[in-house]
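**Q** The structure under discussion is supplied below as structure tokens; questions concerning it will follow.
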Amino acid sequence: MDDSMLKTVANSLNFRRAFERHKAAALNAEHRLRQTRALLGGVDRRTREIYIAHRSGSTYPEIAANWGISNRTIKRSVARALLAIMEHGEQTHDNESS
């Protein structure tokens with residue numbers, strides 16, 4: 001094999017490894033998103049979507065602009081979602097202790 005072919009093979013292997021890493025990260029993120037949605041099953045859709053947008057990196061002002069609501073409403077929605085997650089954790093812990 002000449003050098004150019006070796007480089008092509010090496011690049012292909014590097015690409016494949018990178019693809020597998022990104023694929024694993026995407027699957028992990030998808031799994032976490034499903035878990036979060038399940039944890040937030042008891043809250044309304046808007047609260048759930050606002051929380052997910054916030055955890056995905058959107059700022060309160062960005063989310064507020066997208067939803068057409070105030071920053072204060074965003075803060076309340078995120079707090080409501082966090083409370084639901086904490087309550088779910090407490091219920092799970094109580095069930096495991098019994």
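The values are calculated or read from the model by the stated rules, or taken from the named source; none is laboratory data. Worth saying up front: this structure is predicted, and the values here are computed from it rather than measured. Here the Cβ positions follow ideal geometry from the backbone for every residue, glycine too, while neighbour counts run over all protein chains shown.
**Q** Go through region 14-43 and count every residue that is modelled with pLDDT under 80 and of a type in the set (S, T, N, Q).
**A** Counting residues in region 14-43 that are modelled with pLDDT under 80 and of a type in the set (S, T, N, Q) gives 2.
**Q** Given the options Ile69, Ile85, Ile52, name the one that is modelled with pLDDT under 95 and either within 12 Å of the chain's Cα centre (by Cα) or assigned to a loop (DSSP other than H, G, I, E, B) (or both). So that I can check it myself, show each step before the final result.
**A** On the way: Ile69 fails: modelled with pLDDT under 95; Ile85 fails: either within 12 Å of the chain's Cα centre (by Cα) or assigned to a loop (DSSP other than H, G, I, E, B) (or both).
None of the other options fit; the residue is Ile52.
**Q** Output the qualifying pairs, or none if there are none: Cβ atoms under 9 angstrom, residues six or more apart or on different chains, first residue in region 68-89 and free of Cβ contacts under 8 Å to residues at least 40 places away in the same chain and over 10 Å from Leu39 (Cβ atoms), second residue part of a helix (DSSP H, G or I) and among the polar types (S, T, N, Q).
**A** Ile69/Ser77; Arg76/Thr47; Ser77/Thr47; Val78/Thr47; Arg80/Thr47
**Q** When region 71-92 is examined, which residues are found to be surrounded by fewer than 12 Cβ atoms within 10 Å (Cβ to Cβ) and either in contact with a Lys or Arg (Cβ under 6 Å, 6 or more places away or on another chain) or farther than 25 Å from His31 by Cα (or both)?
**A** Correct list: Arg72 only.
**Q** List the residue pairs whose Cβ atoms are under 7 Å apart, where the first residue sits in region 36-52 and is over 16 Å from Ala79 (Cβ atoms), the second is part of a helix (DSSP H, G or I) and of a type in the set (Lys, Arg), and the two are 6 or more positions apart or on different chains.
**A** As it stands, the answer is Arg37/Arg48, since those pairs meet every condition given.
**Q** Identify the residue in region 19-48 that is small (Gly, Ala, Ser) and not in a helix (DSSP H, G or I) and, among all such residues, is surrounded by the fewest Cβ atoms within 10 Å (Cβ to Cβ). I'd like the intermediate steps shown before the answer.
**A** Going through region 19-48, the residues small (Gly, Ala, Ser) turn out to be 24-26, 29, 38, 41-42.
Now narrow it down to the ones that are not in a helix (DSSP H, G or I): 41-42.
Working: Gly41: 9, Gly42: 11.
Of everything passing the filter in region 19-48, Gly41 is surrounded by the fewest Cβ atoms within 10 Å (Cβ to Cβ).
**Q** For region 1-15, which positions are part of a helix (DSSP H, G or I) and either loosely packed, with under 10 Cβ neighbours inside 10 Å or under 15 Å from the mean Cα position of the chain (by Cα) (or both)?
**A** Within region 1-15, the subset part of a helix (DSSP H, G or I) is 3-15.
Answer for region 1-15, where residues must be part of a helix (DSSP H, G or I) and either loosely packed, with under 10 Cβ neighbours inside 10 Å or under 15 Å from the mean Cα position of the chain (by Cα) (or both): Asp3, Ser4, Met5.
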